[in-house]
Amino acid sequence: MLISVTQQPIFIIDQSQPGFLVVNLGGSWTLHTNPPAPAELLVAINNTVRSLTFASEQLEDWDTRLLIFLKTIISAARQQHIEINLTGLPPGAERLLSLAETVPEKSIYSKNVHDFLVTRIGRRAIDAYAQIREMAAFIGEIIIESRALLSGKSPFRARDFFYFVQACGAESLPIVSLIAVLVGVILSFVGAVQLQMFGAQIYVANLVGLGMVLEMGALMSGIIIAGRIGAAYAAQLGTMQVNEEIDALRTMGISPVGFLVLPRMLALMLMLPLLCIYADIMGILGGSVIGVTMLDLSLVEYLEQTRTTIHLSQCCQGLVKSAVFGVLIGFAGCLRGMQCGRSALAVGEATTSAVVTSIVLIVVSDSIITFIINS
């Protein structure tokens, strides 16, 4: 009967050459053995040592026990700014140590709540500058890929474009119909309460028609699409970022902006004006319900008053706004998706940020366009 005897782990310090420290590892460095204390080796690591090298010819077996020992020694050597050479270690141990140093420890509480106000303002300014640079770079990539699309050199796929057209358009009709009708009913009801006091119930048609065509049709359609489509874009691209699919596209020489972003943005830019027209019609019909039931107006009279009130230029104003909203929603959703981190939490944050950014851009751009047109 053979009994295997495991040698105890040892290390031998070799300082025969001035400035060079060689650690010879021997025995079995496993969790079932008692390793020697690293105190003697830590004392040898001082200012006179320029290079630390390991030798493992006498090493029989190893596991996590050896890695813990090596990590302690390497950390002490780095504090003394000593050059470290890991080539003498087993290949597996060398790879694990390199991997441990490649991924730095991330603190959950990265921000110090006790920072001075000036420090917090500076960090916010640096973050804002980084965000502006990323947005500018993203806009530049979109412009470059748009030129490539016009010249026929973009990885743009038509079937992806038509899929997003369907998702943005036909599949959004039910929720747009519901919201547009309810907005028309609310506008008509609020106007009716005030206009009835003056006997001017017929002008409810003017209020609802102009309100839907000028503002509410484009605005409500944009907000609905921002919550439904913009969030979906951010989640889709964020998940692809987590799964490293976007990195794979770049590795294959395919531009993610031309392949993923352009079809989504063009689909929104095309479909949102059509949804705006549909929302205008549904809002006017919703307002007619209040006009017919509460104000004793005939449907023909209500629609005729609406027709004489609305002009083509006013309709074009709403269409221009909706087209701009479509570009901004697609831009915000795709940007947040491309900026997403590598975790499930980052995907959720990207989705939330996409919706918030889209709504802010919609409101700001609506104010700017209204001011420019009416100035």
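Values in this text are rule-based calculations from the coordinates and carry no lab data. The structure displayed is predicted, hence computed values, not measured ones. No Cβ is skipped: glycine too gets one built from the backbone with ideal geometry, and neighbour counts run over all protein chains shown.
Observations, loosely collected:
- Cβ-based net charge around I144, under 15 Å, with every Lys or Arg adding one and every Asp or Glu removing one: +1
- Longest DSSP-loop-exposure-free segment, GluC sites (Glu not before Pro), the chain, at most 12 other Cβ within 10 Å: 106-243
- 10 Å Cβ shell holding at most 14 others, DSSP loop, chymotrypsin sites (Phe, Trp or Tyr not before Pro): longest site-free stretch of the chain: 117-375
- Selected from Q201, Q79, Q131 as most flexible by GNM, with the chain as the system and alpha-carbon contacts under 10 Å: Q79
- Listed residue (F161, L328, V43) projecting farthest to the positive dipole end of the chain, Cβ model: L328
- Net length gained if the chain between V289 and I175 were fully extended (0.36 nm per residue, minus Cα distance): 39.1 nm
- Most fluctuating residue given options L150, L214, L25, as computed from a GNM of the chain linking Cα atoms under 10 Å: L25
- For the chain, the longest site-free run once trypsin sites (Lys or Arg not before Pro) in DSSP loop states with at most 16 other Cβ atoms within 10 Å are removed: 158-341
- Within-12-Å neighbourhood charge of L66 [Cβ basis; K, R +1; D, E -1]: -2
- Label assignment, Cα Rg over 2.2 N^0.38 Å derived from the structure, set (1) 1.60; (2) 1.16; (3) 0.97: (1)
- Charge dipole (Cα centre; +1 on Lys/Arg Cβ, -1 on Asp/Glu Cβ; no other charges) of region 141-374 amounts to roughly 500 debye.
- Modelled FRET efficiency - R0 35 Å, S51 with L31, Cβ distances, 0.05 increments: 0.70
- Of the residues I126, I68, I225, the one with the fewest other Cβ atoms within 10 Å heads the list, and the complete ranking is I126, I68, I225.
- Potential extension, E134-L270 segment - 0.36 nm per residue separation minus Cα distance: 46.4 nm
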